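As structure tokens, the structure follows; a few thoughts come after it.
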Amino acid sequence: MSLTKATIATVIACLLLIDVCLRARPQSHKSGSDNFNDLLALVNVQTNTDRGIMLVDKKTGDPLWAKYVLGGSNGNDCLSLFFNRRDVVDVFPQRSGPPWISVTFYGEDGSVNAIWASKGNNACFTERRQSEHEFKREVWFDEAWHPVDYRTNQGSTLGGIVVSGKWQHLLFTNGSWAVEP
């Protein structure tokens, strides 16, 4: 039985919400504090191009949730969920269509192992980047993962995949990857 990206995103969001609630619940029998504001803080965050707010655990300073307005992407939003100080889920709402979602997986050493992305209307993840020593991009096409192979054509770099022994240029259309006819 395969899980759709919406189911996976819902499960991850629920688990993170449970984590936040468990961290935020009053510990009056231990600390004497039963005020939500004593446990969590909203912090303004700003870079050269981005701005937003972040919910942090006051005791540890760990980020739990953040919402950014990304200046470099025409003002699109990004909602980030954190676990153990690491950004694990990013949701990018789109002006039309379903949100883009990326899930980051970490290795035991804390480094990024893989990033899985869901873009568009497809009911599964459409792209992933796997890392052993360097990231390798793969796309979901024709019921299988295919490594992306980059080629240069008249000064332009194009991404493509090898299908039946032949390199074909990739196109992202209608929420799915396709190859140029």
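From the convex hull of the Cα coordinates of the stretch 72-181, what is the mean projected area in square nanometres?
On the way: hull surface 36.6 nm².
Averaged projected hull area, Cα only: 9.1 nm².
Would you please give the residues with an amide H less than 5 Å from that of F82, counting only those at least 5 places away or on a separate chain, with H modeled from the backbone geometry?
Those lying under 5 Å, H to H, from F82 are W65, V88.
Given all pairs of different Cα atoms, what value in angstroms does the Kirkwood hydrodynamic radius of the stretch 38-80 take? Spell out each step's value before the answer.
Values: mean 1/r = 0.0930 Å⁻¹.
This gives a value of 10.8 Å.
If I model a spin label as a point 7 Å beyond the Cα along the Cα-Cβ vector, how far apart are those points for V162 and K67 in nm?
Each label point lies 7 Å from its Cα, and together they span 4.7 nm.
Please quote Rg/Rh for the stretch 39-127 to two decimal places, taking the Kirkwood radius as Rh and restricting both calculations to Cα atoms.
Numbers: Rg = 14.2 Å, Rh = 14.2 Å.
My calculation puts Rg/Rh at 1.00.
Which residues' amide hydrogens lie under 5 Å from the amide hydrogen of D50, considering only partners 5 or more residues apart or on another chain, with H built in the peptide plane?
Under 5 Å from the amide H of D50: G71.
About the Cα centre of the stretch 88-156, how large is the charge dipole given +1 on each Lys and Arg Cβ and -1 on each Asp and Glu Cβ? Please answer in debye to the nearest 20. Working shown, then result.
Numbers: 7 positive and 10 negative charges, 76 e Å.
Value, rounded to 20: 360 debye.
Would you please give the residues with an amide H less than 5 Å from that of N113, counting only those at least 5 places away or on a separate chain, with H modeled from the backbone geometry?
Result for N113 returns F105, Y106, G107.
If each of N37 and E180 carries a label point 7 Å out from its Cα toward its Cβ, how far apart are those two points in nm?
That separation, rounded to one decimal, is 5.9 nm.
Sticking to Cα atoms, compute the Rg of the stretch 135-181 to one decimal and its Dmax as the biggest Cα-Cα distance, whole number, in Å.
10.5, 32
Under unit Cβ charges (Lys, Arg +1; Asp, Glu -1), what dipole magnitude, rounded to 20 debye, does the stretch 41-181 have relative to its Cα centre? Please list the in-between numbers first.
On the way: 14 positive and 16 negative charges, 77 e Å.
Once rounded to the nearest 20, the dipole reads 360 debye.
Read the figures in this text as sums done on the coordinates, not as results from a lab. Model, not experiment: these values are computed from the prediction. Cβ coordinates were reconstructed from backbone atoms using ideal geometry, including for glycine residues, and neighbour counts include every protein chain displayed.
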